[in-house]
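Enquirer: Below is a structure I'd like to ask you about.
Values quoted throughout were computed directly from the atomic coordinates according to the rules given, and no laboratory measurement underlies them. Note that the structure is predicted; figures quoted are calculated from it, not measured. FYI the Cβ positions are ideal-geometry reconstructions off the backbone, even for glycines, and counts take in every protein chain you see.
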Amino acid sequence: MSFDIKVFQRHLLDAQIAILGDNVHGSQTLMSYGWEIRKRLYGIGIRMLKDMEFSEVSLSDWISPNELSSLNSIARIIKNYLYIEVGNFYMAASHEITAYLFAKKYLKYFPQTKLPLNFFHIGSVYRYSRNTKFPFSYGERKSFLECYSIHDSENSAKDFLSVGCEWNRKIIQKILKLPSIEVERPLITNKPTSRKTICIDSLTPFGATIITGMTYFHDDIFTGLLSVKQKNLITRKNQLMHSVHFGISDNIFFSYLLNAHDEQGFYLLSELAPYQVSIIYDMIIPDYQEVRQKIINFLEKKQIRYEIKGVKRSKIKKAVRRNMLCGIPVTILVCCSKKSGVNIKILTKIQQHYSPSLSFEKIPVLLKKNDDHVYKKFREQERSSIVQCDSVNEADNVVQSGKIAKVFLNNCDKNITDLESKLRGGEILGFKTKNKNIGKDIITGCDTSIIAFISRRI
């Protein structure tokens, strides 16, 4: 079934996740339910960072006028690293700038800091709208969970690159298990501010991929331009720092919603759901209190998040339908019959039917089944979307059909340029170099173990 953007947008609104397109085309305003899902998703990454002894900081977007010359130096390297002038204030239009300025000041005021200096913040980037079919903000302000690691040597920073990659990998591919691929971006298309870039692209229903997680080996590009230094205790001279930068953006939140959506609403992993269990009870039941407390005691003992809603009998079906739309994994329906009195019925998002005989003590099992169902859905999407190709025409047709072409291709500028010139709109996302299989280079016909992935990228 093709993806219906209008149904998706209506479901976002009805589930109180987001309002799209207000003020700026492609922009989004998050509502309470959507904000809670996003907060829980970002919370996964933040808990991991704190376990890695990263410190959280809160950075201003504003910069001082005497820092503009440094920004102009960066702007000469890459066009969108600019500032915005508002009266007597200047705002950095790049999310990295204020982070490196913070590192510069921190190392100045605390010269005995033990390196690496590891910190993270929720940053933002300002972009001109270049929205295509993607229904979320590529204009206005976009949030990033940004992580920085500042080192006293190039080798130390380079070694840390694997740490940033593993952080992204764990969130996207091991916890969320989003349909995705990990690639090293070609040098010819790499950002001028990065020596090496590792991207994890997630698949979308639009027949294009979007970068969900990224890890950059910046080395001394930013630290050099912004003069981020620390005094060497042996030589007593200031030495330039080196850096690694990694993180996730709101792309990961909306990629998840896109992949976890169908005509009946959203499928939320139990870790992301604001409520894992929703208890709906008939408001006219006289002796509900005892049954309710029994369920609550069990849920709290198992540390399962829940909500309780009392509704009129005529509104119960509507309340259940809304739970299904919102992706709440388990609904417990407490109702009353003349024959048996108070009854407990279980409805799960994946089964779509009542189970009168199912005890609420089985809820942990149902939550696991819910997650297994979502993971299976994502795995099937990934398997069906990545296609091995042996010729340029075959790769081009696969990309035109909205899938990802996987080809053998040596990583050199000439091969990349030649192949992309033969494609009708696709681009080489990047390369996978650690591969045991040998195949024929799609351009030269020579044996190679290097694999390239091709698709449209949003």
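Enquirer: Taking 8 Å as the Cα distance limit and 6 or more residues as the minimum spacing, I'd like the relative contact order of the chain as a percentage.
Expert: The normalised contact order for the chain reaches 13 percent.
Enquirer: Mind checking the dipole of segment 386-455: about its Cα centre, +1 per Lys or Arg Cβ, -1 per Asp or Glu Cβ, Debye to the nearest 20?
Expert: With Lys and Arg at +1 and Asp and Glu at -1, about 260 debye.
Enquirer: Let me ask something else about it. In the P(r) worked out for segment 5-262, what percent of Cα pairs fall beyond 27 Å?
Expert: Counting every Cα pair in segment 5-262, those more than 27 Å apart make up 39 percent.
Enquirer: What's the local net charge at Asp371, with K and R +1, D and E -1, over the other residues with C-beta under 10 Å away?
Expert: Residues close to Asp371 contribute a combined charge of +2.
Enquirer: Can you list the lysines whose alpha carbon sits under 18 Å from that of Lys318, skipping same-chain ones fewer than 8 residues off?
Expert: Candidates past the 8-residue exclusion: Lys309, Lys345, Lys349.
Enquirer: Oh, and also: For a bin width of 5 Å, list the pair-distance distribution of segment 249-318 built from all Cα-Cα distances, rounded to whole %.
Expert: Binned Cα distances yield the sequence 3, 13, 18, 17, 16, 14, 10, 5, 2, 0.
Enquirer: Quick query: amide H of Phe144 versus all other amide H atoms, modeled in the peptide plane; which residues come in under 5 Å with a sequence gap of 5 or more or a different chain?
Expert: It is Gly123, Ser124, by chain and number.
Enquirer: Going by amide H atoms built from the backbone, whose H comes under 5 Å of the H on Ala15, apart from near neighbours?
Expert: The answer is none.
Enquirer: What is the sum of charges, Lys and Arg at +1 and Asp and Glu at -1, for the other residues whose Cβ falls under 14 Å from the Cβ of Lys414?
Expert: -3
Enquirer: When only C-alpha pairs under 8 Å and at least 6 residues apart count, what is the relative contact order of segment 5-262, in percent?
Expert: Rounded, it is 18 percent for segment 5-262.
Enquirer: Also, I was wondering about something else. Mind listing the phi-derived Karplus ³J(HN,Hα) values for segment 248-253, rounded to whole Hz, using 6.51, -1.76 and 1.60 with θ = phi - 60°, and x for any glycine or proline?
Expert: Running phi through 6.51 cos²θ - 1.76 cosθ + 1.60 with θ = phi - 60° gives 10, 10, 4, 3, 5, 5 Hz.
Enquirer: How big is the dipole moment of segment 5-262 about its Cα centre under a simple scheme where the beta carbon of each Lys and Arg is +1, that of each Asp and Glu is -1, and everything else is neutral? Debye, nearest 20, please.
Expert: 320
Enquirer: By the scheme Lys and Arg +1, Asp and Glu -1, what is the net charge of all other residues having a beta-carbon under 14 Å from that of Ala99?
Expert: Neighbour charge sum, excluding Ala99 itself: -3.
Enquirer: Be a star and scan segment 391-407 for residues whose amide nitrogen sits under 15 Å from the point 7 Å along the Cα-to-Cβ vector of Lys440.
Expert: From segment 391-407, the list is 391-395, 407.
Enquirer: Moving on. Report the one residue of Val7, Asn155, Ser180 whose Cα lies farthest in the direction of the positive end of the charge dipole of the chain (charges on C-beta: Lys and Arg +1, Asp and Glu -1; origin at the Cα centre).
Expert: Comparing the listed Cα positions along the dipole, Val7 ranks first.
Enquirer: For segment 216-306, what relative contact order do you get, as a whole percent, if you take Cα pairs closer than 8 Å and at least 6 residues apart?
Expert: In percent, rounded to a whole number, it is 20.
Enquirer: Specify which residue in the list Leu226, Gly213, Ser270 is farthest towards the positive end of the charge dipole of segment 211-273, using unit charges on the beta carbon of Lys, Arg (+1) and Asp, Glu (-1), about the Cα centre.
Expert: The residue sitting most towards the positive pole is Leu226.
Enquirer: What list of ³J(HN,Hα) couplings, whole Hz, do you get for segment 301-308 from phi and the Karplus terms 6.51, -1.76, 1.60, once you set θ to phi - 60° and write x for glycine and proline?
Expert: The phi angles translate into 5, 8, 6, 9, 6, 8, 10, 10 Hz.
Enquirer: On to the next question. Placing unit charges on C-beta atoms (Lys and Arg positive, Asp and Glu negative, everything else neutral), compute the dipole magnitude of the chain about its Cα centre in debye, rounded to 20.
Expert: 1260
Enquirer: Of the trypsin sites (Lys or Arg not before Pro) in segment 188-252, which ones lie in a loop per DSSP and count no more than 11 other C-beta atoms within 10 Å?
Expert: In loop regions of segment 188-252 (DSSP not H, G, I, E or B), the sparsely surrounded trypsin sites (Lys or Arg not before Pro) are Arg236, Lys237.
Enquirer: Here is a follow-up. Please report, in Å, the Rg and the Dmax of the chain, where both are computed over Cα atoms only.
Expert: Looking at the chain, its Cα Rg and Dmax stand at 25.4, 88 Å.
Enquirer: Now for a separate question. Across 10 Å bins from 0, what is the distribution of all Cα-Cα pair distances for segment 198-268, in whole percents?
Expert: With a bin width of 10 Å, the distribution comes to 17, 29, 21, 16, 11, 5, 1.
Enquirer: Apply the Kirkwood formula to segment 316-458: the hydrodynamic radius equals the inverse of the mean of 1/r over all pairs of different alpha-carbon atoms; give it in Å with one decimal.
Expert: For segment 316-458, inverting the mean 1/r across all distinct Cα pairs yields 19.0 Å.
Enquirer: Hey, another quick one. Grab the DSSP H runs of the chain that are 4 residues or longer, score each as -39,500 (n - 2.57), total them, divide by all residues and round the 222 nm result to the nearest 500 deg cm²/dmol.
Expert: Computed ellipticity for the chain at 222 nm equals -10500 deg cm²/dmol.
Enquirer: Here's a follow-up. What is the calculated FRET efficiency for Arg424 to Glu380, with r their C-beta to C-beta distance and R₀ = 25 Å, to the nearest 0.05?
Expert: Step by step, r from the Cβ atoms, then E = 0.35.
Enquirer: Which of Cys446, Asn415, Cys389 sits closest to the plus end of the dipole of segment 386-455, meaning its Cα is farthest towards the positive end, when Lys and Arg get +1 and Asp and Glu get -1 on the C-beta?
Expert: Of the candidates, Cys389 comes out farthest on the positive side.
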